[in-house]
1. Restricting the first residue to the stretch 165-182 and requiring it to be free of Cβ contacts under 8 Å to residues at least 40 places away in the same chain, which pairs with a second residue that is in a helix (DSSP H, G or I) and open to solvent by 20 Å² or more (accessible area, probe 1.4 Å) meet a Cβ separation below 8 Å and a spacing of at least six or different chains?
2. For residues that are farther than 19 Å from Ile173 by Cα, at pLDDT 95 or above and within 15 Å of the chain's Cα centre (by Cα), tally how many sit in the stretch 25-47.
3. Among the numbered conditions (1) over 19 Å from Tyr174 (Cα atoms); (2) at pLDDT 95 or above; (3) under 15 Å from the mean Cα position of the chain (by Cα), tell me where Asp69 comes up short.
4. Report yes if Pro167 is out of contact with any helix residue (DSSP H, G or I) (no Cβ under 9 Å at 6 or more places or on another chain), open to solvent by less than 40 Å² (accessible area, probe 1.4 Å) and modelled with pLDDT of 95 or more, otherwise no.
5. Being hydrophobic (A, V, I, L, M, F, W, C), farther than 24 Å from Lys241 by Cβ and in contact with a Phe, Trp or Tyr (Cβ under 7 Å, 6 or more places away or on another chain): is that true of Val39 here?
6. Within the stretch 1-24, can you find the residues that are over 16 Å from Leu80 (Cα atoms) and within 17 Å of the chain's Cα centre (by Cα)?
7. Out of Ile173, Ile132, which single residue is buried (at least 18 other Cβ atoms within 10 Å of the Cβ) and within 14 Å of the chain's Cα centre (by Cα)?
8. Could you say whether any residue in the stretch 104-111 is open to solvent by less than 20 Å² (accessible area, probe 1.4 Å) and out of contact with any Pro (no Cβ under 9 Å at 6 or more places or on another chain)?
Amino acid sequence: MKPQTINVLGLPFANLTKYEMVERIKYFVNQETNDNLFVVTANPEIAHYAYNNNHYQRRIKHADYIVPDGIGIVKAAKYLNTPLKERIPGIELMEEMLNIANASSKRVFLLGSSKEGVKATRKILEEQYPNITFDHKHGYKHVLDYKVTKKIKKFEPDFIFAAMGFPKQEDWIYYNRHHFKHTVMMGVGGSFDVISGNVKRAPNMFIKLNLEWLYRIITDLKRVNRALKIPLFLKEVQFQKSSTPKKNKYEYMKYK
């Protein structure tokens, strides 16, 4: 069943809790189908990019689920009077998928990061999830490099995590998903760097206050230019609200 979606800058965000999303993934994994499951975790930066790039927006709209990875998306939805249930951090959703894979002895392919980074990620995950069969490939390849696709296809993965950064990771899934059967595919950004220890995830205090984005800027000043996209995102959300017809009370209650 398709979930209710909330429109933020033209992207249909699934209005689900993390628990509900995980249950849907479990359900899919246990089905006998050749269909794939394409999940996009979108933060304000991705939403802003998609809003200004029609080709990318069309590609990620082919996803089965777009989930709000970023408190900015949740706040924007609330500002638009169409609130989302909660934020679903991509790295946490990846961890939940790994738990599912480990419980059922599934096959997981790690695509992305540098040669050293993806190897280190695989080694750590093999220790944490001993029932999973892993394979990997670094992310410095073209999205249409068939040798990479052929290698992954031969592995017959149940899950593919693409840590190539946006838009490349979603482009890779969009262009290559038809080569696979009954596979969960999700772009996970810099998650491999966090897992391998190359980048530290924000302390719990920042996570609880939904300030992970601020911690990343403080610890990596190269992200300042990316952070400048946030005011542009907010401006575009304001424009969306001003151009959206007001709903009557009954229509608004449907979102509660």
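1. Going by the 8 Å Cβ cut-off, the qualifying pairs are His179/Lys153.
2. The number of residues fulfilling the criteria is 0.
3. (2)
4. When the stated conditions are applied, Pro167 does not pass them.
5. yes
6. Within the stretch 1-24, Pro3, Leu16, Thr17, Lys18, Tyr19, Glu20, Met21, Val22, Glu23, Arg24 qualify.
7. Being buried (at least 18 other Cβ atoms within 10 Å of the Cβ) and within 14 Å of the chain's Cα centre (by Cα) holds for just one of Ile173, Ile132, which is Ile173.
8. So far as the stretch 104-111 goes, yes, one or more of its residues are open to solvent by less than 20 Å² (accessible area, probe 1.4 Å) and out of contact with any Pro (no Cβ under 9 Å at 6 or more places or on another chain).
The values are calculated or read from the model by the stated rules, or taken from the named source; none is laboratory data. All of these numbers come straight from a predicted model, not from anything done at the bench. So basically every Cβ, Gly included, is an ideal-geometry build from the backbone, and we count neighbours across all protein chains shown. Just the protein is used for accessible areas: all its heavy atoms, side chains included, with ligands, DNA and RNA removed. Shrake-Rupley method; radii C 1.70, N 1.55, O 1.52, S 1.80 Å.
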